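Below you'll find the structure, written out as structure tokens, and then a few comments.
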Amino acid sequence: MRHAALIPAMLILCGTALAEQSGSPPPVVADNVPAACTVPDEFRDLPGELPRMARLIRERKPVRVLAIGSSSTQGVGASSPARAYPPRLAAALQRLLPGAEITVRNEGVGGEVASTTLARMERLLGEWQPDVVLWQIGTNDALRGVTPQGFAGILREGADAVAENGADLLLINPQFYPRIPDQSLYLSVITAIDGVAEERRLPQLRRYAIMRYWDSLPKPALMLSEDGFHMNDLGYQCMAEVLAGGMARRVTQPALARR
């Protein structure tokens, strides 16, 4: 079944609200984040830029975020749809960007490969006209044996479609899954995402490296659901927190993206 939800994240005016800051960027406040979500700075900072989102935040205009992908976006493994990463992301951005008006739409469909998601994304770019697209991608392509070259071509086509619509694109690569049948193909898909992200100067949440880091800790928290593959409630929360933090820093400190 297809799950699509609109999660508005609006804050009332407060002492640090954007309306009272005369165009100054809002502060990034990272509180109430579980200790299990902690990652090194190299994984927290997103390379690339989110120019449209940064401008809309600066001009105090609404921002529409389209979260699209497969089961990790839909929220398979979570105890309820509200505990998937997109609604958690909306709540985190609400906390990190006081006064901003942000809507996150969940368009995750479990089991999809990139080519199928691309067709839906192109339609939604025209129908909903998002300002930011979060494309969670790669896992199912690797599991189904899609070649890295073919996969990269689809990714470039999607990047072109988003750019033509004037939106920002942020990529989310596959989860860490050490029991993958073909580890070399899995890593080749991740490398392909890295290559396109660098080529097109796209920000990327390096979920594989982040989850591998969590798994390497002396006492790792359980981030996966009972199937040992999809994330659980904590995993989705941490994914959303790390992503929200990176996005907030990109739009409030855009100069960092050009280092």
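Mind listing whichever residues of the range 214-244 are farther than 24 Å from LEU134 by Cβ and either assigned to a loop (DSSP other than H, G, I, E, B) or in contact (Cβ under 8 Å) with a residue 40 or more places away in the chain (or both)?
Across the range 214-244, the qualifying residues are LEU217, PRO218, LYS219, PRO220, LEU222, GLU226, GLY228.
For the range 127-138, name all the residues that are out of contact with any Lys or Arg (no Cβ under 9 Å at 6 or more places or on another chain) and either buried (at least 21 other Cβ atoms within 10 Å of the Cβ) or farther than 18 Å from VAL104 by Cβ (or both).
Once the filter is applied, which keeps residues that are out of contact with any Lys or Arg (no Cβ under 9 Å at 6 or more places or on another chain) and either buried (at least 21 other Cβ atoms within 10 Å of the Cβ) or farther than 18 Å from VAL104 by Cβ (or both), the range 127-138 yields VAL133, LEU134, TRP135, ILE137, GLY138.
Taking the condition among the hydrophobic types (A, V, I, L, M, F, W, C), at pLDDT 95 or above, surrounded by fewer than 21 Cβ atoms within 10 Å (Cβ to Cβ) and under 30 Å from ASP141 (Cα atoms), does VAL76 pass?
Yes, satisfied.
Which one of these is closer than 22 Å to GLY111 by Cα and of a type outside the set (Ser, Thr, Tyr): ASP182, ASP215?
ASP182 is the lone residue from the list that is closer than 22 Å to GLY111 by Cα and of a type outside the set (Ser, Thr, Tyr).
Among the listed residues LEU185, LEU222, which satisfies the condition of being farther than 23 Å from ASP141 by Cβ and among the hydrophobic types (A, V, I, L, M, F, W, C)?
After ruling out the rest, the residue left standing is LEU222.
Against the condition modelled with pLDDT of 95 or more, aliphatic (A, V, I, L, M) and out of contact with any helix residue (DSSP H, G or I) (no Cβ under 8 Å at 6 or more places or on another chain), how does LEU124 come out, does it pass?
Yes.
Search the range 39-57 for residues that are more than 28 Å from MET223 (Cα to Cα) and pair each with any residue that is in a loop (DSSP other than H, G, I, E, B) and of a type in the set (Gly, Ala, Ser) when their beta-carbon atoms are under 7 Å apart and the residues are at least 6 apart or on different chains.
ARG52/GLY166; ARG52/ALA167; ILE57/ALA100
Mind listing just one residue for me: the one in the range 107-124 that is within 22 Å of PRO87 (Cα to Cα) and in contact with a Leu (Cβ under 8 Å, 6 or more places away or on another chain) and, of those, surrounded by the fewest Cβ atoms within 10 Å (Cβ to Cβ)?
LEU124
Looking at this structure, is ASP141 touching a strand residue (DSSP E or B) at 6+ places or on another chain (Cβ under 8 Å) and crowded, with 20+ Cβ neighbours inside 10 Å?
In short, no.
Determine whether ALA100 is more than 23 Å from ASP194 (Cα to Cα), at pLDDT 90 or above, among the hydrophobic types (A, V, I, L, M, F, W, C) and touching a Phe, Trp or Tyr at 6+ places or on another chain (Cβ under 6 Å).
no
When the range 77-134 is examined, which residues are found to be under 14 Å from GLN237 (Cα atoms) and free of Cβ contacts under 8 Å to residues at least 12 places away in the same chain?
Result: SER80, ALA82.
Within the range 169-194, restricting attention to residues that are within 17 Å of the chain's Cα centre (by Cα) and hydrophobic (A, V, I, L, M, F, W, C), which residue is nearest to ALA240 (Cα to Cα)?
Per the criteria, the residue is ILE172.
Mind listing whichever residues of the range 165-197 are of a type in the set (D, E, K, R), in contact (Cβ under 8 Å) with a residue 24 or more places away in the chain and not in a loop (DSSP other than H, G, I, E, B)?
Within the range 165-197, just ASP168 meets the criteria.
Can you confirm whether GLY145 is in a loop (DSSP other than H, G, I, E, B) and at positive phi?
Spelling it out, GLY145 is indeed in a loop (DSSP other than H, G, I, E, B) and at positive phi.
The values are calculated or read from the model by the stated rules, or taken from the named source; none is laboratory data. Source: prediction; values computed, not measured. Don't worry about glycine lacking a Cβ; one is built from the backbone with ideal geometry, like all the others, and counts go over all protein chains shown.
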